[in-house]
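The values are calculated or read from the model by the stated rules, or taken from the named source; none is laboratory data. Note that the structure is predicted; figures quoted are calculated from it, not measured. As a convention, Cβ positions derive from the backbone with ideal geometry for all residues, glycine included, and neighbour counts pool all protein chains shown. Keep in mind that these areas ignore ligands, DNA and RNA; they rest on the heavy atoms of the full protein, side chains included. Shrake-Rupley method; radii C 1.70, N 1.55, O 1.52, S 1.80 Å.
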Protein chains: 2
Amino acid sequence: MKLASRRAGGRDGQLVVVDTALSRFAPVPDIAPTLQSALDHWDEVEPLLRGISAALNTGKVPDARPFDPKDCVAPLPRAYHWVDGSAYVNPVELVRKARGADLLPSFWTDPLMYQGGSDDLLGACEDARFVSTEHGIDLEAEVAVITGDVPMGVTPEDAAKHIRLLMLVNDWSLRNLIPGELAKGFGFYQSKPATAFSPVAVTPDELGEHWKDGKVHRPLLSFVNDQRLGEPDAGVDMTFSFLQLIAHAARTRRLGAGAILGSGTVSNLDRTRGSSCLAEVRTLETIEHGAPRTPFLKFGDRIRIEMLDSSGRTIFGAIDQQVAQA
Amino acid sequence: MKLASRRAGGRDGQLVVVDTALSRFAPVPDIAPTLQSALDHWDEVEPLLRGISAALNTGKVPDARPFDPKDCVAPLPRAYHWVDGSAYVNPVELVRKARGADLLPSFWTDPLMYQGGSDDLLGACEDARFVSTEHGIDLEAEVAVITGDVPMGVTPEDAAKHIRLLMLVNDWSLRNLIPGELAKGFGFYQSKPATAFSPVAVTPDELGEHWKDGKVHRPLLSFVNDQRLGEPDAGVDMTFSFLQLIAHAARTRRLGAGAILGSGTVSNLDRTRGSSCLAEVRTLETIEHGAPRTPFLKFGDRIRIEMLDSSGRTIFGAIDQQVAQA
């Protein structure tokens, strides 16, 4: 089942069911007005939404309308919890190496997580607006899950049943603000402006065999101005699965329905797969040449993030954004 | 005007208007079902709520009912943004001194902020549940504002008009998890479990002359098991006003209606005013005696946080919580 939020109604958009091919959609105002509302009452609402989904996929919704990602806001245009892990530890080690710092051994056993702003989440085709290019504008291509209610102290084994939906993420970062913020010791804030999400969120079964052990086993494609940036496999070199990330997040707290957990920037040890952010590219250039050669993004640049199934069809639709001045 | 959310309806409670004395309340289902909904449409809704408030205060709501903070959830039981500053820099300097670390000079000009979980905010009288006392359970008494929509890049001067409501906060902290988390460089997460808020949120005018220059000029009282912990004045030694905190938060992002910004633990240089958290008490003991003498909280302990007006009447109602095992 694939769900999206159309730019209609109030701040949270209008929940719609989208067919697997992302060609047509059906509004479901009688089932749930918004995705958050559906997540709040998932047990009752899910079977009804799945009924619409099955009908859509078999052409049995006569008034289904053509789906256009440009009409969408983020699946959750605002959320009550957005926390991003760094599940791919390899690039973290790389960045530290480039600045001559060692990786704490705990990084391989204890996930890094930071909490992001969730009152302003961007739709897949919305412009990403920034104050200044001097801040070092960078994309970060990631995968994320949306959970239901998760009890405090959940185990990784029990975490699987609390995963409701999956999305792609562009975790916009302002690289030049990061060193100053991290030096203060409280983590990221100004350096992590509004995050963007794929047009649709999908239930895990839409991934078939590619969803396994709490990881998404498909390449994550990213492009800058139509040039390939990378295609690392999101299931490879993911040190912590989403099950472990959820257990880490819920160690001392409950998570409410609609909590979004991100994987962190996807990265493979196999360098031929490229990168999912410019910071990694620049770090590799620094290691090889002594200085970065690839600039950060400028106003007018476009980025694209997508994941295809084994037949080459888009799973989540593409995040396709232009960098713009605020 | 004073607003609360009663434990009724769905996950967000039921918005009610409370009289200034916190003695009676009136539900307002025809105006706005929840506080978030009121904040989403503040310009239209505020005059209507103020009408009810005026009628309540003059005894003109015949079916007003007795107000009991125990029936309340947090004013916003879940929010889209909860960010906490460290506006009282003096105690930050003190903690660093105790562990032999210098304060970065930027701490006096650039606010520290961390983002907290906002999908599970506790009501004033709800038990605070924790996994283990070994985590070092501590209260942190603070003041917070709730904003309307704030544009990116807002100036401190313009920030004032975006402040909708004020509350008290108990920013529960797990002290023994903090060093490990901060060493990882991404800030707090597991060390900052669910936060609690006062029974009512009040518009700034309820504070009269005590709301000035973006600061609350009244003592913040806190107690542990009915023993006074502190009564520092929230308007004294606040290095960054709420106006500056909002401008800092909005430097690279918009804030959505209902964003909560906290002051950080209130602390005065005048040591006779006591403290607003046990960590500060323990730090002062360490400086004086070489080791802390006051333990962190144990299951069954009670904390109380309150602020009185100059006539001794409660402004926000009391945060009055028991520490319990999860």
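Could you tell me how many of the residues in segment B:156-210 are within 14 Å of B:L121 (Cβ to Cβ), within 13 Å of chain A (Cβ to nearest Cβ) and among the aromatic types (F, W, Y)?
So the count comes out to 1.
So which residues in segment A:66-95 are assigned to a loop (DSSP other than H, G, I, E, B) and either open to solvent by less than 20 Å² (accessible area, probe 1.4 Å) or within 14 Å of chain B (Cβ to nearest Cβ) (or both), if there are any at all?
A:A74, A:P75, A:L76, A:P77, A:R78, A:A79, A:Y80, A:H81, A:S86, A:A87, A:Y88 - these are the residues of segment A:66-95 that are assigned to a loop (DSSP other than H, G, I, E, B) and either open to solvent by less than 20 Å² (accessible area, probe 1.4 Å) or within 14 Å of chain B (Cβ to nearest Cβ) (or both).
Closer than 30 Å to B:L261 by Cα, in contact with a helix residue (DSSP H, G or I) (Cβ under 9 Å, 6 or more places away or on another chain) and not charged (D, E, K, R), is that true of A:N176?
Taking the combined requirement at face value, the residue satisfies it.
Any idea which residue in segment A:155-192 is farthest from the chain's Cα centre (by Cα), counting only those that are of a type in the set (V, I, T) and under 19 Å from A:Q115 (Cα atoms)?
A:I178
On the basis of being of a type in the set (A, V, I, L, M, F, W, C) and surrounded by fewer than 20 Cβ atoms within 10 Å (Cβ to Cβ), does B:A144 make the cut?
Criteria not met by B:A144.
Looking at the structure I just gave you, is A:F296 modelled with pLDDT of 95 or more and touching a Pro at 6+ places or on another chain (Cβ under 6 Å)?
no
Out of A:I287, A:I246, which single residue is at pLDDT 95 or above and of a type in the set (A, V, I, L, M)?
Within the list A:I287, A:I246, the selection yields A:I246.
Among B:A291, B:A257, which is the only one that is within 14 Å of chain A (Cβ to nearest Cβ) and of a type outside the set (S, T, N, Q)?
From the options B:A291, B:A257, the qualifying one is B:A257.
I need a count of the residues in segment B:96-118 that are within 11 Å of another protein chain (Cβ to nearest Cβ), open to solvent by 20 Å² or more (accessible area, probe 1.4 Å) and touching a residue at least 40 places away in the same chain (Cβ under 8 Å).
1
Which strands (runs of 3 or more DSSP E) does segment A:233-326 wholly contain that include 2 or more residues that are open to solvent by 20 Å² or more (accessible area, probe 1.4 Å)?
Once the strands (runs of 3 or more DSSP E) in segment A:233-326 are filtered for at least 2 residues that are open to solvent by 20 Å² or more (accessible area, probe 1.4 Å), what remains is A:302-306, A:319-325.
Among the residues of segment A:152-165, count how many are within 24 Å of A:P75 (Cβ to Cβ) and surrounded by fewer than 24 Cβ atoms within 10 Å (Cβ to Cβ).
6
If you go through segment B:136-155 one residue at a time, do you hit one that is within 10 Å of chain A (Cβ to nearest Cβ), aliphatic (A, V, I, L, M) and within 20 Å of B:V224 (Cβ to Cβ)?
No: zero hits.
Restrict the check to segment B:223-230 and report whether at least one residue is assigned to a loop (DSSP other than H, G, I, E, B), touching an Asp or Glu at 6+ places or on another chain (Cβ under 8 Å) and open to solvent by less than 10 Å² (accessible area, probe 1.4 Å).
Among the residues of segment B:223-230, not one is assigned to a loop (DSSP other than H, G, I, E, B), touching an Asp or Glu at 6+ places or on another chain (Cβ under 8 Å) and open to solvent by less than 10 Å² (accessible area, probe 1.4 Å), which makes the answer no.
What residue, among those in segment B:260-270 that are β-branched (V, I, T) and either facing chain A (nearest Cβ under 7 Å) or out of contact with any helix residue (DSSP H, G or I) (no Cβ under 8 Å at 6 or more places or on another chain) (or both), is farthest from A:L122 (Cα to Cα)?
Among residues in segment B:260-270 that are β-branched (V, I, T) and either facing chain A (nearest Cβ under 7 Å) or out of contact with any helix residue (DSSP H, G or I) (no Cβ under 8 Å at 6 or more places or on another chain) (or both), the one farthest from A:L122 (Cα to Cα) is B:V266.
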